[in-house]
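See below for the structure under consideration.
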Amino acid sequence: MLFGVPVLEDLPSVDGRSVLVRCDFNVPLRDGEIADDHRIRAALPTLEWLTSRGAKVTAVTHLGRPKGTPDPAFDVAPVRRRLAELAPGVTLGENLRFSPGETANDPDFVDELMAGHDLYVNDAFGASHRAHASIVGPPSRVPSAAGLLLAREVEVLLGLRSHPRRPFVAITGGAKVSDKLGVIRALLGVADQILIGGGMCFTFFAALGHSVGSSLLEPDRIDDCKALLDEFGDRLVLPSDVVAMGPGGKIGDPEAGGEVRNMGRSVPDGWMGLDIGPGSAAEFADHVLEASTVLWNGPMGVFEDPRFEAGTRSVAQAVADCRGFTVIGGGDSAAAIAQFGFEDQVDHISTGGGASLELIERGDLPGVEALRRAPNAVEADESDEFNE
């Protein structure tokens, strides 16, 4: 058991058994072909673990956002072809979201999914924050387990909540502070410092009385930011400078004009802050390099535009150079670390942005909770790290 969650070794013998494996094969398609098969390859260790022990494996996945009815644009045929090449003998069911019962968590659809299957494995971490039929239904019916991918996510992310090596530095960024307030509050219970960048920093600046010009701002969250700064200001590290674009500029189009300038925390009218400044990037890097544990979720600026990538690049470089345990919380941070070529220098890159945030914030996910209630799971005793 891992934090009370059954893992593959906790299943009954799989030899000769039929196993349904919920995977996340929601891969990007281009002209009907797979543009990136990383998610399929990420599931191979679990599929090989099962098949090498004599299991008959059926994988299921969602693909895209069909409206509860078959849609040729989201047919899993390209995934099925690639899976047959990578994992011979593993069959793939139809797109789960072709049925309205999937997102509605319809018990009848769960029965349909599990018909003829003896065991269930969830290896779809990126979908486990959804209480969908294929995620939460099967563990109530048959012995179940987390696949190797999901188990690693639980081990790393819940480990950050319960026993990080210190100092523990968290880096949060992205556009909206409202998306990260819950995570920030959860991290304040365990992290030694939280570095705040991205568009969300401007609501914190406003809470301190600074002008933010045309930068991203959530006025209804200013009081929340002020309360956090009043209580935890010594542990929340805000940028000391930003890179801003002047009037007439356009994100992603350097030819459109608009001066780009480094400035302090106050942004003049008509200007838009789009990255942390070089001083802040150096300060953030110093904090990261001194850490024994690092969690990064959210870019420092609009890194897709080369004029505003320096802050995110500097943080990515520092995370790669850090000698402590480093974790990327999926989403845009994972895209950034890959863009700058540092993915091989990080200890763990989460496969689910939204799922990783929710697991860090809540300490649980619908899919993880469902596994903990499976018939082969045991009650976590009082010493279990999940309960600390």
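Here are the numbers for this structure:
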| item | result |
| --- | --- |
| Any pair with Cβ under 8 angstrom, 6 or more apart, that starts in the stretch 33-44 at a residue that is in the same structural domain as HIS62 (by TED's automatic domain parsing) and in contact (Cβ under 8 Å) with a residue 24 or more places away in the chain and ends at one that is basic (Lys, Arg) and not in a loop (DSSP other than H, G, I, E, B) | ILE34/ARG82; ASP37/ARG82; ILE40/ARG82 |
| Entirely in the stretch 118-180, the strands (runs of 3 or more DSSP E) that have 2 or more residues that are within 16 Å of MET1 (Cα to Cα) and of a type outside the set (Phe, Trp, Tyr) | 119-122, 144-146 |
| Answer residue from the stretch 233-242, given it is modelled with pLDDT of 95 or more and within 27 Å of the chain's Cα centre (by Cα) and is surrounded by the most Cβ atoms within 10 Å (Cβ to Cβ) among those | VAL242 |
| Test set (1) farther than 23 Å from ALA43 by Cβ; (2) buried (at least 21 other Cβ atoms within 10 Å of the Cβ); (3) at pLDDT 95 or above; (4) touching an Asp or Glu at 6+ places or on another chain (Cβ under 9 Å) - GLY324 fails condition number | (2) |
| Boolean, LEU228 is surrounded by 15 or more Cβ atoms within 10 Å (Cβ to Cβ), over 23 Å from TRP271 (Cβ atoms), at pLDDT 95 or above and not charged (D, E, K, R) | yes |
| Residue in the stretch 48-60 that is in contact with a Gly (Cβ under 7 Å, 6 or more places away or on another chain), among the hydroxyl-bearing types (Ser, Thr, Tyr) and under 25 Å from HIS129 (Cβ atoms) present | yes |
| Neighbours by Cβ (under 6 Å, 6+ apart or cross-chain): first from the stretch 94-111, farther than 15 Å from LYS67 by Cβ; second hydroxyl-bearing (Ser, Thr, Tyr) | PHE109/SER99 |
| Residue count, the stretch 79-111 (criterion: of a type in the set (Asp, Glu), in a helix (DSSP H, G or I) and out of contact with any Ser or Thr (no Cβ under 8 Å at 6 or more places or on another chain)) | 3 |
| Residues located in the stretch 285-300, provided they are within 18 Å of the chain's Cα centre (by Cα) and crowded, with 24+ Cβ neighbours inside 10 Å | VAL294, LEU295, TRP296, ASN297, GLY298, PRO299, MET300 |
| Number of positions in the stretch 25-78 that are not β-branched (Val, Ile, Thr) and not in a helix (DSSP H, G or I) | 28 |
| Yes/no for ALA191 being within 19 Å of the chain's Cα centre (by Cα), of a type in the set (Gly, Ala, Ser) and farther than 19 Å from PHE3 by Cβ | yes |
| Single match in VAL315, VAL319, VAL346 (criterion: modelled with pLDDT of 95 or more, outside the structural domain of MET245 (by TED's automatic domain parsing) and either out of contact with any Lys or Arg (no Cβ under 9 Å at 6 or more places or on another chain) or farther than 18 Å from ALA170 by Cα (or both)) | VAL346 |
| Condition check for ALA334: of a type in the set (Gly, Ala, Ser), under 14 Å from the mean Cα position of the chain (by Cα) and closer than 30 Å to LYS250 by Cβ | yes |
| Count - residues of the stretch 367-388 that are surrounded by 19 or more Cβ atoms within 10 Å (Cβ to Cβ) and either at pLDDT 95 or above or touching a Ser or Thr at 6+ places or on another chain (Cβ under 6 Å) (or both) | 6 |
| Flag for GLY264 being within 24 Å of GLN193 (Cα to Cα) and buried (at least 24 other Cβ atoms within 10 Å of the Cβ) | no |
| Unique residue being out of contact with any strand residue (DSSP E or B) (no Cβ under 9 Å at 6 or more places or on another chain), surrounded by fewer than 24 Cβ atoms within 10 Å (Cβ to Cβ), closer than 17 Å to THR293 by Cβ and of a type in the set (Lys, Arg) when the list is ARG130, ARG161, ARG165 | ARG161 |
| Residue check, ASN122 touching a Pro at 6+ places or on another chain (Cβ under 9 Å), without any contact (Cβ under 8 Å) to a residue 40 or more places away in the chain and surrounded by 22 or more Cβ atoms within 10 Å (Cβ to Cβ) | no |
| Residue count, the stretch 74-93 (criterion: more than 18 Å from GLY32 (Cα to Cα) and touching a residue at least 40 places away in the same chain (Cβ under 8 Å)) | 3 |
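The values are calculated or read from the model by the stated rules, or taken from the named source; none is laboratory data. Quick caveat: nothing in here was measured; it's all calculated off a predicted structure. Because the Cβ atoms are built from the backbone with ideal geometry, glycine has one as well, and the counts that use them run over all protein chains shown.
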